[in-house]
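Encoded as C-alpha cells, the structure appears first; notes follow it.
No value in this document is a laboratory result; all are computed from the given coordinates. Note that the coordinates shown come from a computational prediction; the quantities given were computed from them, not determined experimentally. Cβ sites come from the backbone with ideal geometry, for glycine too, and all protein chains shown count toward neighbours.
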Amino acid sequence: MRSSTELRQKYLREELLPTLFCSGCGNGQILNYTIRAIDDLNISQDNLVFVSGIGCSSRLPAYIEADGIHTTHGRAIAFATGIKITNPDLNVIVFTGDGDLAAIGLNHFLQAVRRNIGITVICVNNETYGMTGGQLSPTTPVGYPTITSPYQNIEFAFNLSFLAKAAGAPYVARWTTANSRQVINSIKKGLQKKGFSFIEIISPCPVSKKQFKNPKDYLNFFLNETVRYSSNVNNETSARMFKDLNECFTGDYLGKIIIGEIVDVEKPSFHELYKQLKERSLNEFWKNKAK
Amino acid sequence: MQVPTVDELLEPKLQFATGNEAIVYGALLANCRFFAGYPITPATEILELMMKYLPILKEGYCIQMEDEISSLAAIIGASWNNYRTMTATSGPGFSLMQENIGYACMTETPCVIVDVQRSGPSTGQPTKAAQGDIMQARWGTHGDHYIIALYPNSIQENLWLTIRAFNLADKYRVPVILLSDAVIAHSREKLVIPFQKNVELAKRVPVTIDREKYHPFRTGYTQSTKVPEMDKFGDEYYTHLTGLTHDIKAYPATESAEIHEKLVRRFYEKIADNRQDIIRFEQKYIEDAEIVVISYGISSRTALMAVEEARKKGLKVGYLRLITIWPFPHDIIYELSNKISKFIVVEMNLGQIYHKIKEHSGSNCEVDRFNSIGGKIPHPKEIMKKIKGGPIKDEIID
Amino acid sequence: MTIIITEDLCKGCEYCIEICPEEIFKKSGKLSQRGYSIPEISNSNSCTHCKRCELICPEMAITIEEEE
C-alpha cells in the first residue's frame with residue numbers, strides 16, 4: 001500500500017490542494033479511498049474517466065490527474081452511459097451525492113442499473129444538500145430538522161442501496177466513511193465488476209448538517225451505530241451483524257446505519273449483450289442483401 | 001462476419017425518401033456512429049432507423065434513452081470518445097434539452113441536435129408543422145452562448161445539411177441544431193445518395209502539444225483560431241471538463257470576471273468571426289426587386305411559388321431563403337434594406353425571425369409579415385395578397 | 001516509524017486523534033498557516049503501523065514512513 005505522499009504526487013493535481021472541502025468532509029476521505037483502490041488494481045490513469053454532477057462530491061474529478069467531466073445536476077449517469085457505451089474499455093467512475101443521485105437524477109440512476117451499464121457509481125451520501133447549505137434530500141431521515149424542513153422532515157427516506165438492488169444491480173455495497181478498508185475493497189470489486197456497481201458511502205457534513213457540531217462526533221457515530229449485513233454471518237450472538245435483509249424493516253434497526261455488501265452477483269453487462277446484438281444485426285443485414 | 005461499408009448499407013443510390021430518412025443517411029455518410037434518442041412525433045423515425053443501421057456498422061452504437069435530457073447527455077459524453085454523435089427530437093423534447101445545450105456550449109462539445117418542429121406551445125399539434133422553435137434554438141438555454149442552426153427545405157437538402165452540421169460542429173466545437181418540420185420530415189421526394197468518397201468531412205483540431213504543456217482550453221497553438229484543440233478520453237492527455245466558468249486549464253475559476261468574460265466572448269467570436277464560412281442563404285430575382293419575400297424551411301417552398309407568380313404578373317418581387325438561421329445573416333439584410341422598399345417575412349409562427357429582420361433593416365425599409373400557424377402551410381395565393389399590399393390580417397405587437 | 005503530517009494540508013478535523021488505537025495524536029494548540037488547529041505526535045514509538053490515520057485523513061496529509 002503506497003503512502004499518502006506518493007499517492008498525492010501520482011494521482012492528484014497538487015497545485016489545486018488543499019481541496020475546497022470543509023474540515024472533516026467525507027469527500028476528502030472518499031478521494032483517499034478511491035485513489036487507493038485504483039492504485040491497488042494498477043489501473044492506468046489513461047484509462048480512467050471520472051464523471052460527476054453538481055454538489056460537493058461532484059467537485060472531486062477536478063482534483064484527480066485523469067480525464068474528468070463535471071456535468072449538469074443529476075445527469076452524470078446519463079453522460080457516463082454515453083461515454084461507457086462508446087468506449088467500453090474505459091473505467092468510468094461516477095461521483096455523485098444523495099441529492100444529485102436520488103432527487104433530480106433518480107431516473108437516470110435506475111435506468112442505468114436496469115441496463116446494467118458497466119460504470120461504478122460512488123454516492124457520497126450525507127443525507128442533505130451540503131453545497132447549498134443543508135436543505136433536505138430524499139435520504140434525510142424522517143423527523144430531522146433541516147433548512148427546508150424547519151418543522152421537522154415529514155418525508156420518509158430512500159435507502160439508495162435497496163433501490164439499486166431492486167433495479168437489479170449486480171454489485172451494491174453500503175458503508176460509512178469510517179469503514180476505510182471496506183470502502184477501498186468495495187470500490188475495487190466494483191471496478192472489476194462487468195456490469196453496474198454501486199457503492200454508497202454514508203458521510204458527514206460538519207458544516208451544513210445540524211446533526212453534530214464536530215467532525216469527530218460523526219466518526220464515532222459511524223463507528224458505533226452501524227449494523228452490518230453479511231450473508232456469511234455465523235456468530236448468532238453478534239448484536240451488530242445480521243443475515244436476513246428483511247430484518248432491516250423491523251423496529252430494531254431504526255436509527256441504525258445498515259452497512260455491508262448488499263448484492264454481489266454475476267449478470268451480463270450492456271456491452272456483452274450489445275456485442276451479441278451487433279452479431280445478429282449483421283446476420284440479418286447480409287441475409288436480406290442476399291434476397 | 002464482414003462489416004459492410006456505409007455505401008453498401010445505403011443502397012440503392014436513387015431513392016424516393018422522406019426528410020427523416022435523408023437525415024439518417026446524411027448522418028451515416030458523415031460518419032455519425034452514436035445516436036441516443038427518445039420517441040417523439042414527428043422525429044421518431046430518425047431514432048428507429050438509427051437503431052436499425054448503427055449496430056451493423058463498425059463501432060456503431062445506438063440507444064433509446066429514458067428521456068430527451070439523458071439522450072443529449074449521452075451524446076455529449078460519447079462525443080468525447082472522438083465519436084460524431086446526434087440526437088433527434090421535436091418541440092417538447094427540445095425544451096427539455098436546453099440545459100445540456102448550454103453545457104455543450106460551455107464545454108465546446110461538438111454534437112448535432114435535430115429538432116423536427118411541430119406546432120406548439122406545449123403538446124400542441126404533434127403531427128402538424130410549425131416554425132416556433134427559431135428563437136428557442138438561439139436563446140433557449142440560459143446565459144451568453146452561441147450556437148449554429150441550419151434549416152433545409154427539401155429532402156435532398158436534408159441530407160447535405162446534416163453532413164454540413166457535423167462538419168460545422170467539429171470545426172467550431174459547438175452544438176449544431178438542425179431544424180426541420182413535420183411536413184419535410186414525412187414528405188417523400190427524389191433523393192440522390194452520394195458515395196461516401198464524394199462527401200467532404202471536416203476534422204476536429206487535434207492535440208499536438210507536449211503533454212506537460214497541454215491546457216485543454218488554450219487556443220492558437222496548432223492553428224490561429226479561437227477553437228481549442230480537442231482531446232479524447234482514454235489517452236495520455238488528461239482533460240477536465242466543467243460547466244463552471246473555467247480557465248484554460250479547465251479548472252473552475254468562478255471568482256474572476258476577467259476569465260469569465262474572456263471565455264464567453266471567445267464563444268461568440270469563434271462563430272461570429274467566421275460568418276462568411278458558416279452563413280448560407282439562397283437568393284432569387286433579387287437584382288431589381290422592390291419587395292423581397294424572406295422565408296426558410298417548409299414555408300419557403302410556397303413563398304417561392306408566390307414570388308414566381310408575382311414575377312409572371314410583372315411585380316418586382318425577390319426571394320431570399322435563409323439556410324443558416326443562426327448566426328443570423330444580418331449583412332445581406334442590411335444590404336438589401338438599403339435597396340428595396342419592403343421585406344415580407346413568411347413564417348409558420350407569430351413572428352420570430354421577423355424581429356431580427358426588423359432589427360437589421362432599421363428604418364431603411366418597411367418590414368411586413370405573413371404568419372400562418374395551426375399547421376397551415378402559408379398558401380401562395382395568400383402570400384400574393386400580402387405582396388400586392390393586401391389588408392394586414394392581424395398585427396401582433398410584442 | 002516516522003509519522004509525517006503535511007501541515008499545509010491539515011484542516012484540523014481531529015479524525016486522526018480519534019481513530020488512533022495507541023492515542024499517538026494529540027491536540028497541539030498550534031495553528032497552521034491557514035489557521036487550522038493541527039495535531040502533534042506524542043509517542044511515535046507506540047505506532048503499530050496500522051495506518052488507520054493515513055486512511056482516515058480527508059486531506060491525505062498523514063504519511064507513515066517505514067524505517068528500513
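Rounded to the nearest 500, what is the 222 nm mean residue ellipticity of chain A from helices alone, with -39500 (n - 2.57) per DSSP H run of 4+ residues and division by all residues?
Calculated mean residue ellipticity at 222 nm is -10000 deg cm²/dmol.
Given R₀ = 51 Å, FRET efficiency for residue B:350-residue B:195 by Cβ-Cβ distance, to 0.05?
Once rounded, the FRET efficiency stands at 0.70.
Where Rh is the Kirkwood radius over the Cα pairs of the protein assembly as shown, the temperature 25 °C and the viscosity 0.890 mPa s, what D in µm²/s does Stokes-Einstein return?
After rounding, the answer is 86 µm²/s.
Which of A:207, A:49 comes first, and how do the rest follow, when ranked by fewest Cβ neighbours within 10 Å?
A:207, A:49
Using a Debye calculation, one point per C-alpha and no hydration shell, please list log10 I(q)/I(0) for chain B at q = 0.06, 0.09 Å⁻¹ in order.
Relative scattering, expressed as log10 I(q)/I(0), comes to -0.24, -0.55.
Packing-wise, with mean Cβ within 10 Å as the measure, how do B:251-260, B:369-378, A:106-115, A:222-231 rank, highest first?
A:106-115, B:369-378, A:222-231, B:251-260
Looking at the P(r) of segment A:121-257, how many percent of alpha-carbon pairs lie beyond 23 Å?
So the portion of pairs separated by more than 23 Å is 38 percent.
Using the 10 angstrom Cβ neighbour count as an exposure proxy, how do C:20, C:57 rank, fewest first?
Ascending Cβ contact count within 10 Å gives the list C:20, C:57.
Show the residues, 5+ positions off or on another chain, whose built amide H is closer than 5 Å to the amide H of residue B:293.
Placed amide hydrogens put B:318, B:319, B:320, B:344 under 5 Å from residue B:293.
For A:210-219, what's the mean count of beta carbons from other chains sitting within 10 Å of each residue's beta carbon?
Shielding by partners across A:210-219 averages 3.
Give, as a single signed number, the net charge of other residues whose beta carbon lies under 14 Å from the beta carbon of residue A:54, with Lys and Arg counted +1 and Asp and Glu -1.
So the surrounding residues net to -1.
For segment A:181-291, what is one quarter of the convex hull surface built on the Cα atoms, given in nm²?
Taking a quarter of the hull surface, the average projection is 11.8 nm².
How many percent of DSSP beta bridges within chain A run antiparallel, rounded to 5?
Counting DSSP beta bridges with both partners in chain A, the antiparallel share is about 20 percent.
For residue B:85, what residues show an amide H to amide H distance below 5 Å, using hydrogens built from the backbone and excluding near sequence neighbours?
So residue B:85 has HN proximity to B:112.
Taking amide H positions as placed in the peptide plane 1.01 Å from N, state which residues far from residue B:369 in sequence (5 or more) or on other chains have amide H under 5 Å from it.
B:345
Points 7 angstrom from Cα along the Cβ direction at residue A:155 and residue A:231: gap in nanometres?
Roughly 3.3 nm, to one decimal.
Go ahead and run the numbers for FRET between residue B:261 and residue A:2, Cβ-Cβ distance against an R0 of 45 Å, rounding to 0.05.
Between residue B:261 and residue A:2 the formula returns 0.60.
How large is ³J(HN,Hα) for each residue in segment B:250-266, as worked out from phi by the Karplus curve 6.51 cos²θ - 1.76 cosθ + 1.60 (θ = phi - 60°), to whole Hz, x for Gly and Pro?
6, 7, x, 9, 6, 8, 9, 5, 5, 5, 4, 5, 4, 5, 5, 5, 5
Which distance in Å, rounded to a whole number, links the C-alpha centroids of segment B:128-193 and segment B:31-86?
Cα centroid of segment B:128-193 versus Cα centroid of segment B:31-86: 16 Å apart.
Using bins 5 angstrom wide from zero, how does P(r) for segment A:4-290 break down, in % of all Cα pairs?
Cα pair-distance distribution for segment A:4-290, in percent: 1, 6, 12, 16, 19, 17, 12, 8, 4, 2, 1, 1, 1, 0, 0.
Note the direction-averaged projected area, equal to a quarter of the hull surface, for the Cα convex hull of segment B:249-398, in nm².
If I average the Cα hull's projected area over directions, I get 11.7 nm².
Across segment B:50-173, how large is the tail of the calculated P(r) beyond 24 Å, expressed as a percent of all Cα pairs?
26
For segment B:282-387, give the share of DSSP beta bridges that are antiparallel, in percent and rounded to the nearest 5; count only bridges with both residues there.
15
Let me see the P(r) profile for segment C:2-65: every Cα-Cα distance counted, bins of 5 Å, each bin given as a percent of all pairs.
4, 21, 34, 27, 12, 3, 0
Quick one: Cα centre-to-centre distance for segment B:264-286 and segment B:1-21, in angstrom?
Their Cα centres are 32 Å away from one another.
Quick one: grab Rg to one decimal and Dmax as a whole number for segment B:125-254, Cα atoms only, in Å.
18.7, 55
Using the Karplus equation 6.51 cos²θ - 1.76 cosθ + 1.60 (θ = phi - 60°), what ³J(HN,Hα) coupling, rounded to whole Hz, does each residue of segment B:162-169 give in order, writing x for Gly and Pro?
5, 4, 4, 4, 5, 5, 5, 4
Using Cβ contacts closer than 10 Å as the measure, can you line up C:49, B:186, B:379 from fewest to most?
By the 10 Å Cβ count, ascending: C:49, B:379, B:186.
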